[in-house]
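Engineer: Quick one: structure below, then a few questions.
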Amino acid sequence: MASRKNRLDRILEIIAQNEIQTQGELADILVQEGYNVTQATVSRDIRKLRLQKTRIPGGRQKYIAPERREDSQETVRRSLRVMKEGIVSMDQAQNILVVKTVAGMAMAVAAALDALNFHEIVGCIAGDDTVESFERKAMLLNLHVRNLALIEEEEISFTDGLNILTGETGAGKSILLGSVNLALGAKTTGAVIRTGAESALIEMIFRLDNSHQREKLAAMDLSPDEDDCVLIKRKIFPSRSVCSIQGETVTQAQLREMAQLLIDVYGQRENQKLLRREAQLGLIDDYAGDEAAQLLKNTREAYHTLRTLTAEYENTNLDAAQRQREADLLSYEVNEIEQAQLQ
């Protein structure tokens, strides 16, 4: 099996030799060459290589490699040596990596991490024997739309922080935002398919960032890839649509349930959501964090168990009159059988 470094090197060669316009095209070439990749894998590789898009004739765009600045080998060796000698242990809490070091080595380890220039790390804070390293976190990584309304094909890769879509009236901003809802299970008809096309396609790549999302995915017998990325796809036909998560077909109801954990879409009247009791409870539960979530789960299971046992008890705890009626019926049936004198 080819290593990730070999795959990254091959991606740079492919985009240098071909006009690669979408992640799907790049993934198809890699698969044809024997690489075991998904679109989520390719999206992650593109972010790792920091590939950019540039315009080409015909109003199209293609991927290009950024100008590369090779790190000094001596700097790399020195940084790795400091980390090897200074790090005692590491642990992670969500997007914070806590590194314990030998006393007095934290500043040197933090400087070494910064010198290695990991794109995934925003920065480090160091004390005497502890370093806190903050990872970049992005939920929606990529949106790919094809043959939806006025859009023939469009692909957007989202970066860390604030992303803003701008354009003239009628440029398709609302369609792109609407495609997010469609991809996550909103009701639709074949009327959204672009004129002349047989179907519309919407693909989204998310990166999971909490245990609730992973548990929900596991409950559907699905799992994210090695970097917690999940590919959601919806293909819309004139009379039906097909939804999938990680390549496995799911119902629209399942997709909507997963969507509640992946993304929040806010509109002009979204403040009215605060008036709903279930929304208020949800906000409180989210604020309480993972520890309270486990308590909530245990309480919910205990409540369902109580309801089940109560129903069973009520069914078996018949009143005296009902027991007498059943006894009379059984006595009558016994007498009937005896009088029939069956041989």
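Engineer: Specify which of the listed residues (167, 161) is closer than 30 Å to residue 189 by Cβ, modelled with pLDDT under 80 and surrounded by fewer than 17 Cβ atoms within 10 Å (Cβ to Cβ).
Structural biologist: Residue meeting the stated conditions: 167.
Engineer: Out of 231, 261, which single residue is closer than 20 Å to residue 179 by Cβ, touching a helix residue (DSSP H, G or I) at 6+ places or on another chain (Cβ under 6 Å), in a helix (DSSP H, G or I) and of a type outside the set (S, T, N, Q)?
Structural biologist: Only one candidate qualifies: 261.
Engineer: Which ones in region 8-37 are outside any helix (DSSP H, G or I) and of a type outside the set (Gly, Ala, Ser)?
Structural biologist: Matches in region 8-37: 18, 19, 20, 21, 22, 33, 35, 36, 37.
Engineer: Would you say residue 179 is touching a strand residue (DSSP E or B) at 6+ places or on another chain (Cβ under 9 Å), surrounded by 17 or more Cβ atoms within 10 Å (Cβ to Cβ), small (Gly, Ala, Ser) and within 30 Å of residue 76 (Cβ to Cβ)?
Structural biologist: Taking the combined requirement at face value, the residue does not satisfy it.
Engineer: Quick check on region 288-307. Is at least one of its residues farther than 30 Å from residue 263 by Cα, modelled with pLDDT under 80, in a helix (DSSP H, G or I) and not hydrophobic (A, V, I, L, M, F, W, C)?
Structural biologist: Taking every residue of region 288-307 in turn, none turns out to be farther than 30 Å from residue 263 by Cα, modelled with pLDDT under 80, in a helix (DSSP H, G or I) and not hydrophobic (A, V, I, L, M, F, W, C).
Engineer: Taking the options 86, 34, name whichever one is surrounded by fewer than 17 Cβ atoms within 10 Å (Cβ to Cβ) and at pLDDT 75 or above.
Structural biologist: Of 86, 34, the one residue that is surrounded by fewer than 17 Cβ atoms within 10 Å (Cβ to Cβ) and at pLDDT 75 or above is 34.
Engineer: For region 84-116, enumerate the residues that are of a type in the set (D, E, K, R) and more than 15 Å from residue 134 (Cα to Cα).
Structural biologist: 84, 85, listed by residue number.
The values are calculated or read from the model by the stated rules, or taken from the named source; none is laboratory data. This structure is a prediction, so every number in the text was calculated from the model and none was measured. Every residue, glycine among them, receives a Cβ derived from its backbone with ideal geometry; neighbour counts consider all protein chains shown.
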